[in-house]
Amino acid sequence: QVQLVESGGGLVQPGGSLGLSCTSSETIYSFHAMGWYRQAPGKQREPVATLTTGGIKDYADSVKGRFVISRDATKNTVYLQMNSLKPEDSAIYYCWCKIWDYTNRWGQGTQVTVSS
């Protein structure tokens, strides 16, 4: 059973930066893709940034140019560096992966709050 553990959420002022990490209990080499979703109160969960095994990155239009997704396969970890944060980026951020059998796995979520 794949387990994803996120860390790095918190409170940051508008314009600030925050980094998230997600470590898998299994090797990420076997995953088709990993990434990050977020869900704000009263809204649906939405993709933020994804990264395929082949290295293809995709970003939501709202975060392009501000967020960067990366990975360290030796540590079974995917990262999300968030810069120039805005209040509308406030949400619970979930780590996601699509494992070898094309099913989805989710982390428990980490809260990101952008507020002055």
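The values are calculated or read from the model by the stated rules, or taken from the named source; none is laboratory data. Being a predicted model, the structure only gives us computed values, none of them experimental. With ideal geometry, Cβ positions are generated from the backbone for all residues, glycine too; neighbour counts draw on all protein chains shown. All accessible areas refer to the heavy atoms of the entire protein, side chains included, with ligands and DNA or RNA removed. Shrake-Rupley method; radii C 1.70, N 1.55, O 1.52, S 1.80 Å.
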Handout entry: Residues of the range 21-34 that turn out to be open to solvent by 30 Å² or more (accessible area, probe 1.4 Å) and assigned to a loop (DSSP other than H, G, I, E, B), as a count
Key = 4
Problem - Residues satisfying the stated conditions in the range 65-80, i.e. within 15 Å of the chain's Cα centre (by Cα) and within 18 Å of residue 28 (Cβ to Cβ) - result: 68, 69, 70, 71, 72, 76, 77, 78, 79, 80
Fill in the blank from the handout: Within the range 1-20, restricting to residues that are assigned to a strand (DSSP E or B) and closer than 19 Å to residue 90 by Cβ, the one that is most open to solvent (accessible area, probe 1.4 Å) is 11
Exercise for the section: Give the residues of the range 35-46 that are under 14 Å from residue 107 (Cα atoms) and open to solvent by less than 80 Å² (accessible area, probe 1.4 Å), sorted by residue number. Expected result: 35, 36, 37, 38, 39
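What residue, among those in the range 84-103 that are out of contact with any strand residue (DSSP E or B) (no Cβ under 7 Å at 6 or more places or on another chain), assigned to a loop (DSSP other than H, G, I, E, B) and on the phi < 0 side of the Ramachandran plot, is most open to solvent (accessible area, probe 1.4 Å)?
100
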